[in-house]
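The values are calculated or read from the model by the stated rules, or taken from the named source; none is laboratory data. Note that the coordinates shown come from a computational prediction; the quantities given were computed from them, not determined experimentally. Here the Cβ positions follow ideal geometry from the backbone for every residue, glycine too, while neighbour counts run over all protein chains shown. To get the accessible areas, we keep the full protein, side chains included, count just its heavy atoms, and leave off ligands, DNA and RNA. Shrake-Rupley method; radii C 1.70, N 1.55, O 1.52, S 1.80 Å.
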Amino acid sequence: MNIIFFGTPGFAAQNLIDLCNENHNIMAIVSAPDKEKGRGKKIISTAVKQKGEELGIEVLTPLNLKDEEFIKKLKSYNADLFVVVAFRMLPKSVWSIPKKGTINLHTSLLPNYRGAAPINRVLINNEKETGITTFYIDDKIDCGEILFQEKVELDINTTAAKLHNILMNKGSDLLVKTITNIEKNNINPISQNNDLSITEAPKLTKEIQKINWDKSALEIHNLVRGLSPSLSENELLKDVSICPSAWFTFKNPDGNEIRTKLLLSEFNTETNNNILRIESDNKSYLKVNLKEGSILIKKLQISGKNPMNIKQFLLGNKINEKWEIL
């Protein structure tokens, strides 16, 4: 089947590779325009564009998705299907072009967690399961008819980075399944039930990233893992755009306030009830006592420094009662 693929980040780039490996004919790719990045204002292409060029596939990067020349170009391919993964909202003049429709891969069990940040929000909200959905795009965001879904169980230590990779791999499999069934005309689209109590997944704000130490230990732990780029204590997800990290301020004995990202935590039900008291053996653990439990800081990043695990941090910082967290 002839396909045009729409996508931007590394998640979508992996899906693109997997579709190509299944011998689907990707006629062209649509991605976001190049951007300047960093102090040197280096021009950076999206992960999808980079992978498309490596694969020798034509890549379109329109500034305006309603541009007449762009629409004309899309129509000229006479593609059977458009496949969208992690891209911006398409106008009807685009998604209505292919005869077999336009499908989207969404990282939640729709209709729950419609929006820009489903991976983060399900963890912040301490959900016990999430999943992946393919659906037909229509004129409302994430509201089209559902094609296929697959559930994923979550536990208290699932981070955004881990969930990103799980859903990326499962997403590729579900896309292949969906495209195969569309090609065989073997699908039974199901309308989303809008009468349900639906939880949304709005875009993350800078305000949500700051830790509020007045909250319970479990709430703070869920925020940390919901924003965490940690795949393990020693490995971070390279594409951290969906994992901005929770942060707080350390105040050291000299009175210096140090902005610190909390990259990985562990929830503990035990606490000495002395709220915000920091405990450490200055070798292997750093514990913050909170309401209804405590958290162990496992990995962090001080402003201007590289990420480090707690043992590395304690090698250069001796914690005592004069240290505070803000």
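Structure notes:
- The set of residues from the stretch 263-300 being of a type in the set (Ser, Thr, Tyr) and modelled with pLDDT under 90 comprises just one member, THR271.
- Any hit, the stretch 82-96, residues being hydroxyl-bearing (Ser, Thr, Tyr), buried (at least 16 other Cβ atoms within 10 Å of the Cβ) and closer than 30 Å to LYS184 by Cβ: no
- Search result, residues across the stretch 219-238 that are more than 14 Å from the chain's Cα centre (by Cα), of a type in the set (S, T, N, Q) and open to solvent by less than 10 Å² (accessible area, probe 1.4 Å): ASN222
- Test: residue in the stretch 183-197 that is surrounded by 12 or more Cβ atoms within 10 Å (Cβ to Cβ), of a type in the set (Val, Ile, Thr) and touching a residue at least 60 places away in the same chain (Cβ under 8 Å): no
- Any hit, the stretch 287-302, residues being farther than 22 Å from ALA217 by Cβ and open to solvent by 50 Å² or more (accessible area, probe 1.4 Å): no
- Residues that are in contact (Cβ under 8 Å) with a residue 24 or more places away in the chain, among the hydroxyl-bearing types (Ser, Thr, Tyr) and in a loop (DSSP other than H, G, I, E, B) are absent from the stretch 70-83 altogether.
- Considering (1) without any contact (Cβ under 8 Å) to a residue 24 or more places away in the chain; (2) surrounded by 13 or more Cβ atoms within 10 Å (Cβ to Cβ), the lone condition that ASN274 does not fulfil carries the number (2).
- Check on LYS162, modelled with pLDDT of 95 or more, within 23 Å of ILE4 (Cβ to Cβ) and among the basic types (Lys, Arg): no
- Qualifying residue in the stretch 2-19 (condition: open to solvent by less than 30 Å² (accessible area, probe 1.4 Å) and either in a loop (DSSP other than H, G, I, E, B) or of a type in the set (Ser, Thr, Tyr) (or both)): no
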